Amino acid sequence: KTSASSHPRSGDASRSGDAMRTLAPPPTQVEPLEEGVSPRRFSPQWIKWFNDIANRDLYYGIFYSLEEHTLEVPGQEQAIAFELVQDHVQVAIPDKGTKIRFTASGLYQIVFSGRVTSIGGDLVLWLRKNGVDVPASGIRTALRGVSGEYVTLRAIHAINGGDYLEVIWLPENEFTAFTPVAAVPQTTPADPSVRIEITQNELWDVYKRF
């Protein structure tokens, strides 16, 4: 009988080596992001992108109102004014008006909230950019007719430097208002009638690249 040799053939050794290389590739490491951070398996281009995001300033604005807001003309939509500023960087509302102006282009997250007093009916909120209604930005809320009901509008929108946004509202019932609650000294702060928070989103770089 001819017995099989216990030594692997050269072809088998080659295939075995290929499999080992496939299953356990040597890790490719790059320099750490910063001192004390473990190396990552990212290309230098991605490392630079991450560092750019981490080190740059993000733009934002937080605005609110402590006044009551009612429709000037019943049945006609109206832009909401914000007369007070909590904080802002490259996002502003000149003259305590309705137009939220942006200095820098970016992808921005927008969160609006309002405290409503009503006797019921629907309330519609939407965004208007540079005087034109933003398509599919409307939010319709069925009000319960109670004091202190909250409505919200959330959106993520691409903005160019020089653009402005407005928040538009239109209630079905004219006896609807955004109403604040005054602060109670040494107890609770004021509850604004309307408030908007705008934050630049880091995904803007992904949006531009892809």
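Which residues, counting only those in region 169-210, are of a type in the set (Asp, Glu), closer than 24 Å to Ala92 by Cα and either modelled with pLDDT under 95 or assigned to a loop (DSSP other than H, G, I, E, B) (or both)?
Glu202, Asp205
Suppose we filter Val132, Val89 for residues that are hydrophobic (A, V, I, L, M, F, W, C), surrounded by fewer than 14 Cβ atoms within 10 Å (Cβ to Cβ) and at pLDDT 95 or above; which single one remains?
Answer to the check: Val132.
If a residue has to be of a type in the set (A, V, I, L, M, F, W, C), part of a strand (DSSP E or B) and loosely packed, with under 15 Cβ neighbours inside 10 Å to count, how many in region 135-145 make the cut?
Qualifying residue count for the region: 1.
Among the hydroxyl-bearing types (Ser, Thr, Tyr) and open to solvent by less than 40 Å² (accessible area, probe 1.4 Å): is that true of Thr117 in this structure?
Values: among the hydroxyl-bearing types (Ser, Thr, Tyr): yes; open to solvent by less than 40 Å² (accessible area, probe 1.4 Å): no.
Here the answer is no, as Thr117 does not meet what is asked.
Before we move on, is Gln76 surrounded by fewer than 17 Cβ atoms within 10 Å (Cβ to Cβ), under 20 Å from the mean Cα position of the chain (by Cα) and touching a residue at least 60 places away in the same chain (Cβ under 8 Å)? Show your work before the answer.
Details: surrounded by fewer than 17 Cβ atoms within 10 Å (Cβ to Cβ): yes; under 20 Å from the mean Cα position of the chain (by Cα): no; touching a residue at least 60 places away in the same chain (Cβ under 8 Å): yes.
Against the criterion (surrounded by fewer than 17 Cβ atoms within 10 Å (Cβ to Cβ), under 20 Å from the mean Cα position of the chain (by Cα) and touching a residue at least 60 places away in the same chain (Cβ under 8 Å)), Gln76 does not qualify.
Tell me, yes or no, whether region 119-126 has at least one residue that is in contact with a Phe, Trp or Tyr (Cβ under 6 Å, 6 or more places away or on another chain), β-branched (Val, Ile, Thr) and within 18 Å of Leu71 (Cβ to Cβ).
Yes, region 119-126 contains a residue that is in contact with a Phe, Trp or Tyr (Cβ under 6 Å, 6 or more places away or on another chain), β-branched (Val, Ile, Thr) and within 18 Å of Leu71 (Cβ to Cβ).
Does Arg115 meet the test of being basic (Lys, Arg), modelled with pLDDT of 95 or more and either assigned to a loop (DSSP other than H, G, I, E, B) or more than 16 Å from Ser193 (Cα to Cα) (or both)?
no
Could you figure out which of (1) more than 22 Å from Glu68 (Cβ to Cβ); (2) more than 26 Å from the chain's Cα centre (by Cα) isn't true of Ile198?
For Ile198, the exception is condition (2).
Restricting the search to region 159-168, which residues are assigned to a strand (DSSP E or B), over 21 Å from Gly75 (Cα atoms) and open to solvent by less than 30 Å² (accessible area, probe 1.4 Å)?
Here is the first cut: in region 159-168, the ones assigned to a strand (DSSP E or B) are 159, 164-168.
Checking the rest, the ones that are also over 21 Å from Gly75 (Cα atoms) come to 159, 164-165.
Result: Ile159, Leu165.
Consider Gly148 carefully, then state whether it is closer than 19 Å to Ser65 by Cα and open to solvent by less than 30 Å² (accessible area, probe 1.4 Å). Steps first, please.
Values: closer than 19 Å to Ser65 by Cα: yes; open to solvent by less than 30 Å² (accessible area, probe 1.4 Å): yes.
Taking the combined requirement at face value, the residue satisfies it.
Scan region 145-158 for residues that are under 14 Å from the mean Cα position of the chain (by Cα) and at pLDDT below 95 and jot them down.
Ile156, His157, Ala158
Restricting to region 92-112, give me the number of residues that are assigned to a loop (DSSP other than H, G, I, E, B) and open to solvent by 70 Å² or more (accessible area, probe 1.4 Å). Give the derivation first.
Narrowing region 92-112 to residues assigned to a loop (DSSP other than H, G, I, E, B): 93, 97-99, 103-105.
Next cut, open to solvent by 70 Å² or more (accessible area, probe 1.4 Å) only: 99, 103.
The total comes to 2.
The values are calculated or read from the model by the stated rules, or taken from the named source; none is laboratory data. Predicted model only: the values in this text are computed from it and were never measured. Neighbour counts run over all protein chains shown; Cβ positions are idealised from the backbone, glycine included. Keep in mind that these areas ignore ligands, DNA and RNA; they rest on the heavy atoms of the full protein, side chains included. Shrake-Rupley method; radii C 1.70, N 1.55, O 1.52, S 1.80 Å.
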